[in-house]
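Remarks on the structure that follows.
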Amino acid sequence: MTPVITWPDPDPITYGTPLSATQLNATANVPGSFAYSPDSGTILGAGDHTLSVIFTPTDTTNYTGATKSVLAPHR
């Protein structure tokens with residue numbers, strides 16, 4: 001089965017603010033780990049950016065990995 005990732009589009013990010021758990025806050029309906037791109041601590045340039053996550057479930061026998069992207073407005 002494919003896990004369900006929930007990740008709302010973040011509020012606008014003020015220029016110069018590094019990405020943190022405020023923006024990189026995806027959740028899934030099963031236990032596992034998240035790998036974000038760009039990484040936490042990255043400072044984005046002006047304009048809108050796509051943030052992506054790859055989710056790896058703990059139970060890889062019954063679940064496959066999943067991905068999701070959101071739009072992060074950057075002001």
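The values are calculated or read from the model by the stated rules, or taken from the named source; none is laboratory data. Note that the coordinates shown come from a computational prediction; the quantities given were computed from them, not determined experimentally. Cβ atoms come from the backbone with ideal geometry, glycine included; neighbour counts cover every protein chain shown. The area values use the complete protein model at the heavy-atom level, side chains included, leaving out ligands, DNA and RNA. Shrake-Rupley method; radii C 1.70, N 1.55, O 1.52, S 1.80 Å.
Table for the structure above
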{"read-out": "Options (1) 13.2, 42; (2) 18.1, 69; (3) 16.2, 52 - which one matches Rg and Dmax of the Cα atoms in Å as calculated here", "value": "(1)"}
{"read-out": "In the stretch 14-75, chymotrypsin sites (Phe, Trp or Tyr not before Pro) in a DSSP loop with at most 16 other beta-carbon atoms within 10 Å", "value": "Y15"}
{"read-out": "The chain - percent of accessible surface contributed by carbon and sulfur, probe 1.4 Å", "value": "54 percent"}
{"read-out": "Estimated vicinal HN-Hα couplings, Hz - the stretch 18-23 in sequence order (Karplus 6.51, -1.76, 1.60; Gly, Pro = x)", "value": "x, 4, 8, 4, 5, 9"}
{"read-out": "Where the chain is the region considered: accessible area per residue in Å², 1.4 Å probe", "value": "59 Å²"}
